[in-house]
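The values are calculated or read from the model by the stated rules, or taken from the named source; none is laboratory data. This one's a predicted model, so the numbers in the text were calculated from it and none came from an experiment. Using ideal geometry, Cβ is built from the backbone for each residue, glycine included, and neighbour counts are taken over all protein chains shown.
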């Protein structure tokens, strides 16, 4: 297992809880439901873990210091971690690209 420093993995305490909650949802519900079912179940698990969760959090897009639009993330956990949910058999590269774009270009969370 690769070890990450706190500098490279600054939200470790939160993301570990998110991952644990996601596995709990997957193990309880299994495959086949629409994304919203998993989202609602994950919110309940995250709340049980003591995390604050905002669903469909609106975030502003700024270009050159000026607002140019908005977008919505599936979950915003403890005002610091974006969770994008996908109810698919296999993750596509485009899903990862979208999330990284949110983080690096738009949200200023990292």
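Considering only residues that are in contact with a strand residue (DSSP E or B) (Cβ under 9 Å, 6 or more places away or on another chain), within 18 Å of residue 16 (Cβ to Cβ) and buried (at least 17 other Cβ atoms within 10 Å of the Cβ), which ones fall in region 45-61?
Residues satisfying the conditions are 46, 51, 53.
Would you be able to say whether some residue in region 60-75 is part of a helix (DSSP H, G or I) and touching a helix residue (DSSP H, G or I) at 6+ places or on another chain (Cβ under 9 Å)?
no
Suppose we keep only residues that are closer than 23 Å to residue 89 by Cβ and in contact (Cβ under 8 Å) with a residue 12 or more places away in the chain within region 13-25. Which one would you say is surrounded by the most Cβ atoms within 10 Å (Cβ to Cβ)?
For region 13-25, the residue satisfying everything is 21.
Can you go through 75, 42, 85 and tell me which one is under 17 Å from residue 13 (Cβ atoms), modelled with pLDDT of 80 or more and surrounded by 14 or more Cβ atoms within 10 Å (Cβ to Cβ)?
Among 75, 42, 85, only 75 is under 17 Å from residue 13 (Cβ atoms), modelled with pLDDT of 80 or more and surrounded by 14 or more Cβ atoms within 10 Å (Cβ to Cβ).
Taking residue 67 as the residue in question, decide whether it is farther than 20 Å from residue 97 by Cβ, touching a strand residue (DSSP E or B) at 6+ places or on another chain (Cβ under 8 Å) and exposed (fewer than 14 other Cβ atoms within 10 Å of the Cβ).
yes
Can you find a residue that is within 16 Å of residue 84 (Cα to Cα), in contact with a strand residue (DSSP E or B) (Cβ under 7 Å, 6 or more places away or on another chain) and part of a helix (DSSP H, G or I) anywhere in region 24-36?
Scanning region 24-36 turns up no residue that is within 16 Å of residue 84 (Cα to Cα), in contact with a strand residue (DSSP E or B) (Cβ under 7 Å, 6 or more places away or on another chain) and part of a helix (DSSP H, G or I).
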